């Protein structure tokens, strides 16, 4: 479905002008920061919101960056923001790194990163520290770091998706214990990591779980904020990754295997395919 078809095929409901409330909130925040949302971009965003809200995973989804729009203002504002954190902080990205057709781009792995202002311990209301994190990589090469999203709290406490030439891993609270991982070379793909409980951690690639851990390891409590297109290490220094980012999202850790498949398919159908990413 092309952009013009999307514009007329989706109007949604629940918000002003026939658009979803989340879409209108996204637009108003973009405008408040000095941006202007085009009709095709708004229609694209609204179609995605409609699909996400209809998904089996909607109650678990807490935060979603769709990277729709021509500049950093648009890309920083989350399309889904149940935590009400507002626009992500920006270090280094310029408008030329942002476009609806490509997503968010760090071509050289240089000093560029978004700060979501979301702490891992906030994703499940602080009750259990369960949480999940997904990133859709359209291109991927290790830059100055190997973690395209996440954060550290201490040297042994990490909340990251870890991608290397011979490793795919999800680390949620401990660097080496209860880590779902493979010995496969990481690639440009949609990765999702989730810690649902102390004995339930998993890593998925393109909607399919590829590694899991049932080792009993408590979910730690962290106050550091989650970054996108990079990470922050245990001494507070930013690290940066090289790639093209198609989407990023956070959950409360409640996705089933079916949910993981469904959100992958919906992001593909309503964001990746129509934009040509």
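Residue 195 falls short of the stated requirement of being in a loop (DSSP other than H, G, I, E, B) and either under 13 Å from residue 219 (Cα atoms) or at pLDDT 95 or above (or both). Kindly check whether there is at least one residue in region 26-39 that is at pLDDT 95 or above and within 24 Å of residue 142 (Cα to Cα). Scanning region 26-39, I find no residue that is at pLDDT 95 or above and within 24 Å of residue 142 (Cα to Cα), so the answer is no. Out of curiosity, is residue 178 in a loop (DSSP other than H, G, I, E, B), out of contact with any helix residue (DSSP H, G or I) (no Cβ under 7 Å at 6 or more places or on another chain) and on the phi > 0 side of the Ramachandran plot? Judged against the criteria, residue 178 is a match.
For region 30-73, a tally of residues being out of contact with any strand residue (DSSP E or B) (no Cβ under 8 Å at 6 or more places or on another chain) and either in a helix (DSSP H, G or I) or within 18 Å of residue 262 (Cβ to Cβ) (or both) returns 21.
The strands (runs of 3 or more DSSP E) located wholly in region 204-277 that include 1 or more residues which are over 17 Å from the mean Cα position of the chain (by Cα) and at pLDDT 95 or above occupy 208-213. In this structure, residue 85 qualifies as within 18 Å of the chain's Cα centre (by Cα) and surrounded by fewer than 24 Cβ atoms within 10 Å (Cβ to Cβ). Regarding residue 252, is this residue in contact with a strand residue (DSSP E or B) (Cβ under 7 Å, 6 or more places away or on another chain), farther than 22 Å from residue 106 by Cα and surrounded by fewer than 17 Cβ atoms within 10 Å (Cβ to Cβ)? Judged against the criteria, residue 252 is not a match.
When 171, 201 are screened for being surrounded by 21 or more Cβ atoms within 10 Å (Cβ to Cβ) and free of Cβ contacts under 8 Å to residues at least 24 places away in the same chain, only 171 passes. The residue of region 168-190 that is farthest from the chain's Cα centre (by Cα), among those that are over 16 Å from residue 202 (Cβ atoms) and modelled with pLDDT of 90 or more, is 183.
The values are calculated or read from the model by the stated rules, or taken from the named source; none is laboratory data. Just so you know, these numbers come straight off a predicted model, no measurement behind them. FYI the Cβ positions are ideal-geometry reconstructions off the backbone, even for glycines, and counts take in every protein chain you see.
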